[in-house]
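The values are calculated or read from the model by the stated rules, or taken from the named source; none is laboratory data. Fair warning: this is a prediction, and the values are worked out from it, not measured in the lab. Every residue, glycine among them, receives a Cβ derived from its backbone with ideal geometry; neighbour counts consider all protein chains shown. Accessible surface areas use protein heavy atoms only, side chains included; no ligands, DNA or RNA. Shrake-Rupley method; radii C 1.70, N 1.55, O 1.52, S 1.80 Å.
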Amino acid sequence: MTQMMKAVQLHEFGGPEVLHYQDIPRPIAEAGEVLVRVHAASINPPDLYLRDGYRALPPVWQPSPVFPLILGTDISGEVAAIGDEVAGFNVGDAVYAMVRFPQDLMKGSGAYAEYVRVPAHELALKPQGIDHVQAAGAPMSLLTAWQFLIDPGHDEPNPFQSFQHEPVPLDGKTILVNGAGGGVGHLAVQIAKWKGAHVIAVASGKHEALLGNLGADEFIDYTKASAETVAQDIDLVIDAVGGRHMARFLSVIKRGGSLFLVNPLGFTGHTAAASRGISVSSAQVRSSGRQLAQAGHLLDNGIIRVVVDSTYPLADASAAHQRASRGSIQGKIVLNNL
Ligand SMILES: NC(=O)c1ccc[n+]([C@@H]2O[C@H](COP(=O)([O-])OP(=O)(O)OC[C@H]3O[C@@H](n4cnc5c(N)ncnc54)[C@H](OP(=O)(O)O)[C@@H]3O)[C@@H](O)[C@H]2O)c1
C-alpha cells in the first residue's frame, strides 16, 4: 500500500496563496539517498523566487517546471529509511541538510513536507545542543556564510564570475556586514567574530541589541545613516542584501581590501573596484554535509547560534511566506512539523 504524507505543493507560480497543504505519496530513498522525517524546515529567499516563477529573471532563464512541485531546501529531522549504497547514517539519527542546491534551484528540493529524500553526502548529524527548529534554520544561511568567509569547499564552476571565489584572512581585520540581521548576515557576523575580526554590523535599528549580543563591535542603523557616510578603512565588506547600489561600499574599503557580494546581480562597480585596488567576488552556495558537520561544532558548543524570527506550522506555509515578503527578517523563519 502506498504510504502517504502531508506536503505543501505548488500547482502554479504566484503569491503565497499558491502554497497548498495536501496529502501526497511519501517519497522513497533511492541509491545514495536517505529518507528524512522532517521535523522543521526553514524558508530562504530562493523559495520565494521559485514560488513566484523567478519573475525578476529574463524570460529565457525562468523555470518551466513540471507541476506540482514542493519548495524548500533546509531541513532538520530524523532518518526514517536508508537507500542502497549509504554508509554513516542509521535509522533514528537526528540530521540536518540543505537539499540538492543548486541542482534543484528551478524545481524545488521538496523540504516543505513530512518526508524528503536527501543525498547522503548532503546530510550531517544535527548538532545535539540545538533543537530541530534552530537546526533547520541553519543550512543555507550557514553554508553561505561559511563558503564566502571560510572555505568554498568545492571547485565547481562559479556561475557569477570566471574565477573561483576565495575567502580572505579575517583575524585582526575590520569587516562590515550589510544585512546583518538576516539569515546570512547574522551568521556572517558570528563567524567573522569567531575568526578574530572587528565586526561592524549594518541593519535597521530593531536588530541593534541582538547584533550586540551576537558579538558585533559596532552597529550602523542604515535607516539613520548610510554605511558609506560612517564607516572607513574596512578590509572586507560582505553585502548580504544586494540591489543596485552595492558599488557605494567601494568608498569605505581600503586599497587591497575586498567586497563580497552574496547577491551580485546588478553590481556595476567592477571598473571602479579595479582602479581602487579592491577585489570583488561572489559565489553560489552549494549543499555540503561535510561543511554542515564542521560548522555544526560551532552550533553545538554555542560559539554561534541561529536566531529564529518566527515559526509557523507546515500547514501555514502561506502565512510564513507572507511574513517573509514583509522583510526586515531577524534570523530565520521556520516551518515547524513536529
Ligand atoms: N550567493 C548565494 O548562494 C546566496 C545564498 C543565500 C542567500 N543569497 C542572497 O542573499 C540575500 C540575503 O539572504 P538572506 O537569507 O540573509 O535574506 P534575509 O534573511 O531576508 O535577510 C535580509 C536582511 O537584509 C536586511 N535589509 C534589507 N534592506 C536592507 C538595506 N537597505 N540595508 C541593510 N540591510 C537591509 C533585512 O532587515 P532590515 O531591513 O530590518 O535590516 C534582512 O534582515 C538574498 O538576496 C539572497 O537571495 C545568496
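Values for this structure:
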item	result
Protection-proxy order for peptides 174-181, 198-205, 31-38, 185-192, each taking the mean of Cβ atoms within 10 Å per residue, highest first	185-192, 174-181, 198-205, 31-38
Where the Cα pairs of the stretch 1-85 fall when distances are cut into 10 Å bins, in %	15, 41, 32, 12, 0
Ellipsoid equivalent to the stretch 126-182 - semi-axes via the Cα gyration tensor, in Å	24, 17, 12
Solvent-accessible area per residue, Å², over the chain with all protein chains present [probe radius 1.4 Å]	43
Mean ellipticity per residue at 222 nm, deg cm²/dmol - from DSSP H runs of n ≥ 4 across the chain, formula -39500 (n - 2.57)	-6000 deg cm²/dmol
Within the accessible area of the chain (1.4 Å probe), percent carbon and sulfur	50
Sites Glu85 and Ala319 - FRET efficiency at Förster radius 45 Å, r taken between beta-carbons, to 0.05	0.70
Rough spin-label spacing in nm, given labels placed 7 Å along Cα→Cβ, for Leu105 and Arg248	2.7
At 1.002 mPa s and 20 °C, Stokes D of the stretch 213-338 from Kirkwood alpha-carbon radius, µm² per second	123
Inter-part distance where the stretch 46-79 and the stretch 163-221 are each reduced to a Cα centre, Å	28
Average silhouette area of the chain, convex hull of alpha-carbon atoms, in square nanometres	16.6
Net lengthening on full extension, Lys206/Ala56 (0.36 nm per residue, minus Cα-Cα)	51.1 nm
Segments 56-66, 111-121 sorted - mean Cβ within 10 Å per residue, highest first	111-121, 56-66
Unit charges on C-beta of K, R, D, E only; dipole of the chain, Debye	700
Cβ-Cβ FRET estimate between Ala225 and Arg276, R0 fixed at 22 Å, reported to 0.05	0.50
Coordinate range along principal axes, alpha carbons of the stretch 218-257, Å, largest first	29, 22, 14
Candidates Asp52, Asp316, Asp155, ranked by Gaussian network fluctuation over the chain, Cα under 10 Å, top entry	Asp155
DSSP beta bridges in the chain [antiparallel fraction, %, rounded to 5]	55
Contour minus Cα-Cα distance for Asp217 and Thr268 (0.36 nm per residue)	15.4 nm
With eigenvalues of the C-alpha gyration tensor scaled by 5 and rooted, the stretch 166-282, Å	21, 16, 12
Most mobile listed residue (Gly289, Gly72, Gly196) in the chain, GNM with C-alpha springs under 10 Å	Gly196
